[in-house]
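*Asks:* A single structure is presented below for examination.
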Amino acid sequence: MTPAEFKEKRAADIKNNNDALNLLFAIVLESRGEGMDGMFAVARSIHNRRKLIRDKKVLPSTFMPNSKNDKPTFTDIITHKGQYAIYDSKKGEYKKQKSPITEADLDKGLKAMRIALNDKAAEKYVKERGLDPRALDAVNFRRVDAKYDASQQKEKFVIGEHEFNLSGSPAVEKYRTPKK
């Protein structure tokens, strides 16, 4: 490996570690009070957004308004303006929390993240925990006390304090009940 190749690989490794760290922070900050199921579902929905865009199944603007970034990182998705309540896009930082993140929060979030990012492990987790199978394909979530938004009403279900849905996902057809 040449010095230039090593430098490029090192830069990619650093970026990927920051990306994973941002995903972990988003999971923990959005759902640490909801246990493993809530953390898993949040992680899975962020993963699904990224995957759908990268696989060209949806336009980047579907989940990142006005974006043309067809190879988003988790960080790109999490920090896109107006997408997640835990991130202040004007200041470019995570919002201050009422209570500090604990080591136990991070451990649980990391475990949820590892399961959510592995399709087979995610399927097994959903089945074993008896979660709504739509959790595998969810792409959006909002607090259950959030203001009503008609655009977020496609195949919705609740896990913990968040209402998840498939709005904007091609997977919505998979769960639709045929009309009689």
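*Asks:* Does region 37-61 hold any residues that are crowded, with 17+ Cβ neighbours inside 10 Å and polar (S, T, N, Q), and which are they?
*Replies:* Ser45, Asn48
*Asks:* Working carefully through the options Ser89, Ser67, Ser31, find the one that is modelled with pLDDT under 95, within 25 Å of Glu173 (Cβ to Cβ) and not basic (Lys, Arg). Don't jump to the end; show me each part of the working.
*Replies:* Numbers: Ser89 fails: within 25 Å of Glu173 (Cβ to Cβ); Ser31 fails: within 25 Å of Glu173 (Cβ to Cβ).
Ser67 is the lone residue from the list that is modelled with pLDDT under 95, within 25 Å of Glu173 (Cβ to Cβ) and not basic (Lys, Arg).
*Asks:* Restricting to region 63-84, name every residue that is on the phi < 0 side of the Ramachandran plot and either among the charged types (D, E, K, R) or surrounded by fewer than 13 Cβ atoms within 10 Å (Cβ to Cβ) (or both). Talk me through it step by step, then tell me what you get.
*Replies:* Keep residues of region 63-84 that are on the phi < 0 side of the Ramachandran plot, which gives 63-65, 67-81, 83-84.
Answer for region 63-84, where residues must be on the phi < 0 side of the Ramachandran plot and either among the charged types (D, E, K, R) or surrounded by fewer than 13 Cβ atoms within 10 Å (Cβ to Cβ) (or both): Pro65, Lys68, Asp70, Lys71, Asp76, Lys81.
*Asks:* List every residue pair whose Cβ atoms sit under 8 Å apart, with the two residues 6 or more apart in sequence or on different chains, where the first one lies in region 22-37 and is closer than 9 Å to Asp105 by Cβ and the second, anywhere, is buried (at least 24 other Cβ atoms within 10 Å of the Cβ).
*Replies:* The qualifying pairs are Val28/Met39; Val28/Gly109; Arg32/Met39; Arg32/Gly109.
*Asks:* Go through region 62-82 residue by residue and tally those that are farther than 19 Å from Met113 by Cα and in a loop (DSSP other than H, G, I, E, B).
*Replies:* Within region 62-82, the subset farther than 19 Å from Met113 by Cα is 62-71, 80-82.
From the residues that got through so far, the ones that are in a loop (DSSP other than H, G, I, E, B) too are 63-71, 80-82.
Number satisfying all stated conditions: 12.
The values are calculated or read from the model by the stated rules, or taken from the named source; none is laboratory data. All values reported here derive from a predicted model rather than from experimental measurement. Note: ideal-geometry Cβ built from the backbone for every residue, glycine included; neighbour counts use all protein chains shown.
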